[in-house]
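Below: one structure, written as structure tokens.
Each reported figure results from applying straightforward, stated rules to the coordinates on display, with no laboratory input. Computed from a predicted structure; not experimentally measured. Cβ sites come from the backbone with ideal geometry, for glycine too, and all protein chains shown count toward neighbours.
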Amino acid sequence: VPRIPVTIRKYSAVATPGGLSPFAAERLVAEEHAKSTAKTWKNITIYVCFPALLLGTANSYRIMKEHEAHKEHEHKDENHPLYQYQRIRTKPFPWGDGDKTLFHNPAVNK
């Protein structure tokens, strides 16, 4: 059995100043880094992400309200022509009256 020199064996068993092995000291450094990084991302979430979500929601709500107000002024085209390529049915749908699609919307679909 080959013998390991004493200097190499002692190197792996020597503790760093403060009584910690090199692995434990590195692990403590990693834990401190993780704590500071977690605090940074928590602050980014609270002070950047949440306000951005609120501003985006408010902007979307404002745009939706403007669009609804604009739609009230539009006139409905009751004389919409039925083209030959529209509503081609080879057999009726199994729901409703058989002519309307599953997601038929009477306000939008003519």
>> Taking amide H atoms as placed 1.01 Å from N in the peptide plane, list the residues 5 or more away in sequence, or in a different chain, whose amide H sits under 5 Å from that of Leu20.
In response: none
>> So, R0 is 41 Å and r is the distance between the beta-carbons of Val108 and Ile46; what FRET efficiency does that work out to, to 0.05?
In response: 0.50
> With the Cα gyration tensor of the stretch 46-86 giving a ≥ b ≥ c as the square roots of its eigenvalues, does the rule (a/c under 1.5 for rounded; else a/b larger than b/c for prolate; else oblate) give rounded, prolate or oblate?
Replying inline: oblate
